[in-house]
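So the structure is just underneath, and the comments pick up after that.
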Amino acid sequence: MRPDLPKYKTSDEVDFVIVGSGAAGGIMAKELSANGFRVVVLEQGPYLTESDFVHDEVKVLREDLLTNKPKLQPTSFRKTPNEKAKPQRALVYGRLVGGTSVHFTANFWRFHEIDFVERSKVGPVPGADLRDWPITYADLEPYYTKVEWEIGVSGQAGASPFDPPRSKPYPMPPLPVKSSGVIFERAARKLGWHPFPAPMAILSQPRPGRSACVNCGFCLAFGCEVGAKSSSLATAIRMAEKTGRCEIRPNSYVHRIEMDDNGRVTGAVYFDEKRNTHLQKAKAVVVCANGAETPRLLLLSANKQFPNGLANSSGIVGKYLMLNSGGVTTAVFEHPLNDYKGFAVSRILHDFYELDPQKVGFYGGGGIDARYDLTPIGFAMGALPPGTPRWGKVFKDTLASNFNRTMELF
Amino acid sequence: MIENLSRRNFLSRGGAAVSAVWLSAHWTAIVAAAEHAHQAAKSSTPPKFQFFTSEQAVEIDAITARIIPSDETPGAREAGVLYFIDRALTTFAVNDQETYREGLPGLQLRVRELFPNIEKFSAATPEQQDQVLHTFDDTANYGRGFRLNATAQPFFETVRVHTIVGFLIDPDSGGNRDGVGWKVIGRDRQHTFQPPFGHYDKDYAGWQPNPPDAEKAKA
């Protein structure tokens with residue numbers, strides 16, 4: 001049962017309007033409302049709940065049940081400024097209450113110390129505008145701990161020798177190991193690396209109103225039907241609603257932040273489901289609309305005083321967007337792994353998180369994990385060994401023998 | 001080990017699975033097509049086709065049966081793929097109608113070029129049929145990507161993709177009749193699972209700490 005929720009009038013000047021209800025917006029909503037502020041969260045997507053999160057892989061993936069819809073919001077893409085942009089699906093993000101945190105992999109390791117001071121450590125990167133963060137890992141550590149305990153993160157403190165210092169262990173033990181994780185762990189140790197149980201924002205133990213993970217396997221790219229995945233929807237949004245001061249308003253697509261002549265925001269303008277425009281008045285607007293839509297909204301909100309968009313004195317709003325990228329390697333083993341059971345990741349390593357650009361020839365680094373995301377059709381289309389016929393008996397036989405025996409590294 | 005580093009468009013990595021690129025625009029209609037296939041395959045009276053003439057249907061059926069043949073295990077026929085495609089061509093794949101309309105006569109022409117005594121594809125032996133289909137296929141790009149194989153002939157490539165989708169689509173959505181496609185690939189339809197999940201985690205001895213030599217490993 002959801003508590004009685006406040007309904008604010010658009011003319012009612014609330015303390016905060018939050019644009020977006022995902023990983024950032026959910027936490028903001030919870031923190032602000034818990035501290036006595038009146039909050040309206042404007043979310044462009046629908047308010048779905050656990051019962052909507054069906055095990056229908058194709059409906060979720062192809063009909064964009066949980067993600068932005070290319071037909072509704074067409075995007076284009078070009079590689080260089082001189083190119084003419086062509087219509088292309090350039091972005092995928094969660095478009096529902098809870099945002100991308102609803103369908104994410106649930107990998108939940110903390111940033112390392114290097115992430116905050118990389119510019120100081122490695123120097124400038126040609127062609128980029130690398131900066132240190134204005135805060136350090138130590139500044140953020142108490143909040144990492146707070147989040148892990150409040151939303152529920154499974155993991156084993158100290159298991160990775162590369163982990164930054166932490167003030168508290170994880171609130172619950174790691175999820176069970178998968179066959180892919182066992183193979184990963186054995187192989188990595190043979191190579192002298194340091195695999196560890198993946199910190200996952202998925203419950204290994206039940207919490208009030210939320211089940212522990214039931215290992216259904218429809219995890220990465222799906223919503224959790226038992227509330228085990230610690231999305232904003234399953235955690236912060238619920239906490240915000242419990243305060244009685246936070247209204248979550250779905251199907252509300254903010255396209256402009258309004259400002260008065262003194263350069264103070266007055267609220268956010270949005271379309272509702274019927275495409276009617278409203279202005280929700282507020283003392284302050286918090287923009288939590290993901291890496292692409294946040295700068296877009298700031299630029300769309302340009303006015304006479306700020307012709308280059310809001311919060312853009314630097315002129316770099318909307319530039320240097322860096323997307324989640326990585327490589328994938330697939331391998332086939334002798335016996336069934338059944339990697340489609342469970343969740344996405346059970347073992348990971350950070351031996352290559354912090355690399356010397358002089359030695360390796362590139363900047364940055366990252367984690368390597370054993371991850372399941374190959375649903376049957378995708379598997380058949382592209383995850384068979386090179387040279388495998390793409391139709392006929394051998395194709396079918398390879399599909400039949402490999403589906404359960406394949407694992408992926410990310 | 002297979003290197004597949006380029007197979008995922010970095011821009012579409014929002015968590016959506018790999019095949020989403022091709023299918024994303026059309027899903028509602030795919031479900032409808034799948035349900036149609038499901039109903040058609042269950043029904044004892046031959047269903048009315050939405051797009052194919054019965055002559056065309058026989059030919060397309062024969063092609064799908066070579067793409068995913070029926071042998072000791074079910075194939076495209078048992079999964080009702082023909083009906084899935086038929087409905088697809090009036091719904092999500094309506095833009096492929098032309099490909100089918102023009103592609104099929106081209107295929108028949110090829111049959112007669114290779115086998116002058118054979119009138120049509122469905123009358124050829126399976127071996128002859130495969131021979132015909134191979135002339136439309138391109139093996140150079142095998143196993144290299146998730147996209148349609150641009151160098152293969154569009155008609156064959158389109159039927160191939162449609163066949164795979166109709167065979168492996170989530171059975172709860174109405175296609176992949178009785179889940180035969182999932183049975184073939186060994187995917188359990190159970191809703192929840194308990195460890196051990198597979199062969200390699202059966203005898204896992206439990207987590208052992210890493211040796212404390214991380215500083216050395218830090219390059």
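Some notes on this structure:
- The one condition in (1) more than 22 Å from B:Ile169 (Cβ to Cβ); (2) of a type in the set (Ser, Thr, Tyr); (3) within 14 Å of another protein chain (Cβ to nearest Cβ) that B:Thr53 fails to fulfil: (3)
- Residue check for A:Asp132: touching a Ser or Thr at 6+ places or on another chain (Cβ under 6 Å), among the acidic types (Asp, Glu) and within 14 Å of chain B (Cβ to nearest Cβ): no
- When the range A:168-183 is filtered for residues that are at the interface with another protein chain (Cβ under 9 Å from one of its Cβ atoms), part of a loop (DSSP other than H, G, I, E, B) and touching a helix residue (DSSP H, G or I) at 6+ places or on another chain (Cβ under 7 Å), the ones remaining, listed by number, are A:Val177, A:Lys178.
- So A:Thr330, is it facing chain B (nearest Cβ under 7 Å), open to solvent by less than 40 Å² (accessible area, probe 1.4 Å), at pLDDT 90 or above and not in a loop (DSSP other than H, G, I, E, B): yes
- Within the range A:342-383, the residues that satisfy the criterion of being closer than 29 Å to B:Val180 by Cα and touching a strand residue (DSSP E or B) at 6+ places or on another chain (Cβ under 8 Å) are A:Phe343, A:Ala344, A:Val345, A:Ala370, A:Arg371, A:Tyr372, A:Asp373, A:Leu374, A:Phe379, A:Ala383.
Condition check ((1) within 14 Å of chain B (Cβ to nearest Cβ); (2) open to solvent by 60 Å² or more (accessible area, probe 1.4 Å)) across all residues:
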residue	(1), (2)
A:Ser11	no, yes
A:Ile27	no, no
A:Leu32	no, no
A:Val40	no, no
A:Asp56	yes, no
A:Lys59	yes, yes
A:Leu66	yes, no
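- Filtered residues of the range A:361-380 (kept if away from chain B (no Cβ under 13 Å) and at pLDDT below 90): A:Phe362, A:Tyr363, A:Gly364
- Verdict on A:Ser51 being open to solvent by 70 Å² or more (accessible area, probe 1.4 Å), of a type in the set (S, T, N, Q), over 27 Å from A:Arg166 (Cα atoms) and in contact (Cβ under 8 Å) with a residue 12 or more places away in the chain: yes
- In the range A:333-350, the qualifying residues are those that are more than 7 Å from chain B (Cβ to nearest Cβ) and of a type in the set (A, V, I, L, M), and the one that is surrounded by the most Cβ atoms within 10 Å (Cβ to Cβ) is A:Val345.
- Selection status of B:Asp71, under 18 Å from the mean Cα position of the chain (by Cα) and either farther than 17 Å from B:Ala124 by Cβ or of a type in the set (A, V, I, L, M, F, W, C) (or both): yes
- The range A:184-217: number of residues that are in a helix (DSSP H, G or I) and surrounded by fewer than 21 Cβ atoms within 10 Å (Cβ to Cβ): 5
- Every pair of residues 6+ apart whose Cβ atoms lie under 8 Å, when the first sits in the range A:245-269 and is open to solvent by 50 Å² or more (accessible area, probe 1.4 Å) while the second is of a type in the set (Phe, Trp, Tyr): A:Arg245/A:Phe37; A:Tyr253/A:Tyr270; A:Tyr253/A:Phe271; A:His255/A:Tyr270; A:His255/A:Phe271
- Subset of the range B:180-219 [more than 8 Å from every other protein chain (Cβ to nearest Cβ), surrounded by fewer than 17 Cβ atoms within 10 Å (Cβ to Cβ), modelled with pLDDT of 90 or more and within 28 Å of the chain's Cα centre (by Cα)]: none
- No other residue among A:Pro124, A:Pro81, A:Pro134 is modelled with pLDDT of 95 or more, exposed (fewer than 11 other Cβ atoms within 10 Å of the Cβ) and part of a loop (DSSP other than H, G, I, E, B) apart from A:Pro134.
- Restricted to the range A:53-67, and to residues there that are in contact with a strand residue (DSSP E or B) (Cβ under 8 Å, 6 or more places away or on another chain) and assigned to a loop (DSSP other than H, G, I, E, B), the residue that is modelled with the lowest pLDDT is A:His55.
- The residue of the range B:154-169 that is farthest from B:Leu82 (Cα to Cα), among those that are within 7 Å of another protein chain (Cβ to nearest Cβ) and in contact (Cβ under 8 Å) with a residue 40 or more places away in the chain, is B:Ile169.
- Out of B:Val132, B:Val161, B:Val111, one residue alone is in a helix (DSSP H, G or I), at pLDDT below 90, of a type outside the set (Phe, Trp, Tyr) and open to solvent by less than 10 Å² (accessible area, probe 1.4 Å). It is B:Val161.
The values are calculated or read from the model by the stated rules, or taken from the named source; none is laboratory data. Fair warning: this is a prediction, and the values are worked out from it, not measured in the lab. Neighbour counts run over all protein chains shown; Cβ positions are idealised from the backbone, glycine included. These accessible areas exclude ligands, DNA and RNA; they are computed on the full protein's heavy atoms, side chains included. Shrake-Rupley method; radii C 1.70, N 1.55, O 1.52, S 1.80 Å.
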